[in-house]
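The values are calculated or read from the model by the stated rules, or taken from the named source; none is laboratory data. Please read these numbers as outputs of a predicted model, since none were measured by experiment. Glycine gets a Cβ as well: all are built from the backbone with ideal geometry, and neighbour counts include every protein chain shown.
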Amino acid sequence: MKIYKIIFFIILAGAVSVLSAQTVKTGTTAAQVLKIGVGARAVGMGGAYTAVANDISAMYWNPGGLASVKSNEAYFNHTSLYADIGFDYAAFASYLEGVGTIGASVSVLSIDEMKVRTIEKPEGTGEMFDVGSIVIGLSYARNLTENFSIGVNVKYINESIYNMSSTGFGIDIGTVYRIPVLNELRIASSISNFGTKMRLEGRDALVITPSGASGDNLINSNLELDAFDLPLLFRFGLSSDIIKLESSRLTIAVDAIHPNDHTEYINSGAEYSWNEMVFIRAGWNALFEKDSEKGLTLGVGLNYRLADYVTFKFDYAYEDYGRLKEAHFFSAGIKF
C-alpha cells in the first residue's frame, strides 16, 4: 500500500474518533485564540478554505495546502475584533527543491490594559492587568503524488492573564486531493489543535492561610486549577473552479466543521478573480451552528506584480458578528 493511502486512513480514523466524540459545552476548552481565522482571503470566503488553501495561510487552515507554495512568501495579517481585541499573525514559507515547503508563523492576541477591581475597591486598586496569547508554529508540506499533498504544523501555545499563565503544545495535520474534473475538484481534510491540556498556574493561585491558636503562623499553598483540552477541530472541504477562462475565474467552496466544544456547522464561500489580479469574495460563516453570532462575510483583494518574480498581495475582509458588531481583517504579503 502506498504511503499516501496509509496517511489517508490515519486521518480518516482520526476524523471518525472526533465525530464520534461527545460534544461538550461552549467554553470548556482553552486557547480560544486557535479558533480565530487567519487571512482576509479565507475570511472573505466565509472560512470555507480547507480545500482552497494554496498560499501561506494554509499553515492555519490546512497544512496540506502549503505544498502549493513553490516560492518564498512573507505574510502579515491584522484583525480588529470586538471588545477592542487585536489579533496579529506573521508567517514565512520557503520551497526547497526535492524536500518540500517549510514555514514558520507567529500569532499574537492582545487586549488593552484594564483596571484591577475588587469587592472592596470596585473603582480600581491602582493596579492594571492585561490578557494575551501567543502561538508559534513550524510547518512542513510536500506533494506525495501529482494530485495528493500532506502537511503538518507543530505549535507552541501560551496564554496569560495578570500573574497567571498556561502553556501547551498542539499539532495540525492536513491533506489535499485533486481530481482532474470540473476544472479540478479539490477534496481536503484537516485535524487541528490535537495536543496537550492547558492549566493556568502562577502567583494568583497562591493562598496564605493563618494557622495556630493565635493565627500568627502562615501557611502558603497553591490552588490547583482544572486543565482544559485544546479546541480540537475536524474540517472537511470541497472546492472547484466552476468558471476558468483566460481572464476570469470563479471558485466556490464549502467546509463542514466538527469542533469538540460546540455544535457542527458549515462554512461556504466564493471568489471571483479577474486576471488573477483583482478579487471579489463573499461567504457565510457558521451556518447551522447553535447560537452563532457569525454570518455574512465579504472581501476584496489585489495582486500586483512589482517585478518579474516579485508579487505584492493585499486583502481585506469584513465579517458580521451580530450583537458583537463587525470585525475587520487586513492581510498583506509578498511572493518572491
Checklist entry - Does the range 212-234 contain at least one residue that is in contact with a His (Cβ under 8 Å, 6 or more places away or on another chain), touching a residue at least 60 places away in the same chain (Cβ under 8 Å) and closer than 27 Å to Tyr60 by Cα? => result yes
Checklist outcome for this item: Within the range 105-123, the residues that are among the β-branched types (Val, Ile, Thr) and surrounded by 12 or more Cβ atoms within 10 Å (Cβ to Cβ) are Val106, Val108, Ile111, Val116
Checklist entry - Pick from the range 42-57 the residues that are touching a strand residue (DSSP E or B) at 6+ places or on another chain (Cβ under 7 Å) and part of a helix (DSSP H, G or I): which of them is nearest to Gly151 (Cα to Cα)? => result Val43
Checklist entry - What is the one condition in (1) surrounded by 21 or more Cβ atoms within 10 Å (Cβ to Cβ); (2) in contact with a Ser or Thr (Cβ under 7 Å, 6 or more places away or on another chain); (3) within 14 Å of Ala286 (Cβ to Cβ) that Thr263 does not satisfy? => result (1)
Checklist entry - What are the residues in the range 232-279 that are under 16 Å from the mean Cα position of the chain (by Cα) and of a type in the set (Gly, Ala, Ser), if any? => result Gly237, Ala256
Checklist outcome for this item: Flagged in the range 73-102 as touching a Lys or Arg at 6+ places or on another chain (Cβ under 9 Å), over 17 Å from Arg41 (Cβ atoms) and surrounded by fewer than 16 Cβ atoms within 10 Å (Cβ to Cβ), in numbering order, are Tyr82, Val99
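Would you check if Ser331 is closer than 24 Å to Phe87 by Cα, at pLDDT 95 or above and either not acidic (Asp, Glu) or not in a strand (DSSP E or B) (or both)? I'd like the intermediate steps shown before the answer.
Working: closer than 24 Å to Phe87 by Cα: yes; at pLDDT 95 or above: yes; either not acidic (Asp, Glu) or not in a strand (DSSP E or B) (or both): yes.
Yes; evaluated as a whole, the condition is true for this residue.
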Item to check | Criterion (touching a residue at least 24 places away in the same chain (Cβ under 8 Å), in contact with a His (Cβ under 9 Å, 6 or more places away or on another chain), crowded, with 16+ Cβ neighbours inside 10 Å and of a type outside the set (Val, Ile, Thr)) met by exactly one of Glu289, Glu271 | outcome: Glu289
Item to check | In the range 124-159, residue surrounded by the most Cβ atoms within 10 Å (Cβ to Cβ) [restricted to those that are assigned to a strand (DSSP E or B) and among the charged types (D, E, K, R)] | outcome: Lys155
Checklist outcome for this item: With criteria (1) at pLDDT 55 or above; (2) assigned to a loop (DSSP other than H, G, I, E, B); (3) not aliphatic (A, V, I, L, M), Gln22 comes up short on (1)
